[in-house]
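What follows is a single structure, written as structure tokens, with notes after it.
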Amino acid sequence: DNQYVSVPIDVPETDYTVEFWFRTKDPNAGLYSVVDQDLGDGGYDRLPHLTDGNLRVRTWEQEELITTGLNLADGQWHHLAHTLGQAANGQQLYVDGKLVAQGSKTSSDFGWQKHINIGFSNDASSEFLVGAVDELRIWSTVRNEEEINANMSRELAGDVDNLLAYYRFDETSGKVLTDVKGKHNGTLMNMSDNNWVSS
């Protein structure tokens, strides 16, 4: 109920993409959030989470994207990508490489963020993820559908242009989630070595 990863990082308000793999059987699981302070004290934004097995994300201030007809709480791996910026003509939401929702907002008005939380979303009815996450990447650019599909199923090098932070989740022990870019390591909160999984 209280396990997540806390990462000190200032992510962009526009020209932004976050993408990662997740799996869960909880239809209302929290997945990710951009926050001011830990667990959203002081404000929170860009909060992908599941609601009745569908995906919802809200960008400050008040534009939300919600999918329909999906069951992403099936215990299988799914890939999520959320983009925001002029190059996307707004914000876009991709699931398993396919565009599933689109809005008009090109930037977030939440400009005082200092952290991200992985496995937690303030907007979710089950805030903490009971499940797994892999291959989380944060970009300072809008990734298009072709780029998302070309790279979502393979590891990247750490020196890719516009890649701000990259977490492979390859560790098997310890409290640190290593940023391949080397600048924004995460801390595993309320977890032990037993929380690392290999598949």
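The values are calculated or read from the model by the stated rules, or taken from the named source; none is laboratory data. Here the structure is a predicted model, which means the values were calculated and not measured. No Cβ is skipped: glycine too gets one built from the backbone with ideal geometry, and neighbour counts run over all protein chains shown. Surface accessibility is based on the protein's heavy atoms, side chains included, excluding ligands, DNA and RNA. Shrake-Rupley method; radii C 1.70, N 1.55, O 1.52, S 1.80 Å.
In sequence order, what are the phi-derived ³J(HN,Hα) couplings for the range 97-107 according to the Karplus relation 6.51 cos²θ - 1.76 cosθ + 1.60 with θ = phi - 60°, rounded to whole Hz, with x for glycine and proline?
Once rounded to whole Hz, the list reads x, 10, 5, 10, 7, 8, x, 9, 6, 9, 8.
Check Lys181: other-chain or 5+ apart residues with amide H under 5 Å from its amide H, H built from backbone geometry?
Amide H neighbours of Lys181: Tyr166.
Which FRET efficiency, nearest 0.05, do Asp38 and Ser173 yield, Cβ-Cβ r, R0 25 Å?
Using R0 = 25 Å, I get an efficiency of 0.60.
For Lys114, tell me the accessible area in Å² from a 1.4 Å probe, rounded to the nearest 10.
Result for Lys114: roughly 120 Å² accessible.
Which lysines, on any chain, are close to Lys181 with Cα under 30 Å apart, when same-chain ones fewer than 8 places away are left out?
Straight-line reach from Lys181, under 30 Å: Lys98, Lys105, Lys114.
For the residue pair Leu156 and Asp10, what label-to-label distance in nm results when each label sits 7 Å from Cα along the Cα-to-beta-carbon direction?
Simple spin-label model gives 2.1 nm for this pair.
Which order do you get for His115, His79 if you rank them by accessible area with a 1.4 Å probe, largest at the top? The partial results should precede the final answer.
Working: His115 45, His79 5 Å².
In descending accessible area the options line up as His115, His79.
Sequence gap at least 6, Cα distance under 8 Å: using those rules, report the relative contact order of the range 12-111 to the nearest whole percent.
Relative contact order for the range 12-111 comes out at 30 percent.
In deg cm²/dmol, rounded to 500, what helix-only [θ] at 222 nm does the chain give when every DSSP H run of at least 4 residues adds -39500 (n - 2.57) and the total is split over its residues?
Estimated from H runs of four or more residues: -1000 deg cm²/dmol.
Along each principal axis of its Cα atoms, how long is the range 96-179 end to end? Whole angstroms, biggest number first, please.
42, 33, 26
What are the residues whose amide H is under 5 Å from the amide H of Ser126, where those residues sit 5 or more places off or on another chain and H is modelled from the backbone?
Hits under the 5 Å cutoff: Gly30.
When ranked by the protection proxy of mean other Cβ atoms within 10 Å per residue, highest first, what sequence do the peptides 147-154, 8-15 form?
Put in order of decreasing packing, that is 8-15, 147-154.
Short version: ³J(HN,Hα) in whole Hz for each residue of the range 159-171, in order, from phi by Karplus 6.51 cos²θ - 1.76 cosθ + 1.60 (θ = phi - 60°), x for Gly and Pro, what are they?
For the range 159-171, the Karplus curve yields 9, 5, 4, 6, 8, 7, 8, 8, 10, 8, 6, 8, 5 Hz.
Once Lys and Arg get +1 and Asp and Glu get -1 on their Cβ, which of Val176, Thr24, Ile116 lies farthest toward the positive end of the dipole of the chain?
Going by the charge dipole, the pick is Thr24.
Using θ = phi - 60° and the Karplus form 6.51 cos²θ - 1.76 cosθ + 1.60, what ³J(HN,Hα) does each residue of the range 52-58 get, whole Hz, x for Gly and Pro?
In residue order, the calculated couplings are 6, x, 9, 9, 10, 9, 10 Hz.
Quick check on packing: order 127-133, 60-66, 116-122 by the mean number of other C-beta atoms within 10 Å, highest mean leading.
Ranked by mean Cβ neighbours within 10 Å, highest first: 116-122, 127-133, 60-66.
Rg/Rh for the range 155-199: what does it come to with C-alpha atoms and Rh from Kirkwood?
1.00
For the chain, build the convex hull from the C-alpha positions and give me its volume per residue in Å³. Spell out each step's value before the answer.
Details: hull volume 20.8 nm³, N = 199.
It is 105 Å³ per residue.
Just need the Rg to Rh number for the range 37-77, please, alpha carbons only, Kirkwood Rh. It would help to have the intermediate numbers written out before the result.
Values: Rg = 12.3 Å, Rh = 11.5 Å.
Expressed as Rg/Rh, it is 1.07.
For the chain, set up a GNM with springs between Cα atoms under 10 Å and report which of Asp170, Asp159, Asp45 has the largest fluctuation.
Its mean-square fluctuation being the largest, the pick is Asp159.
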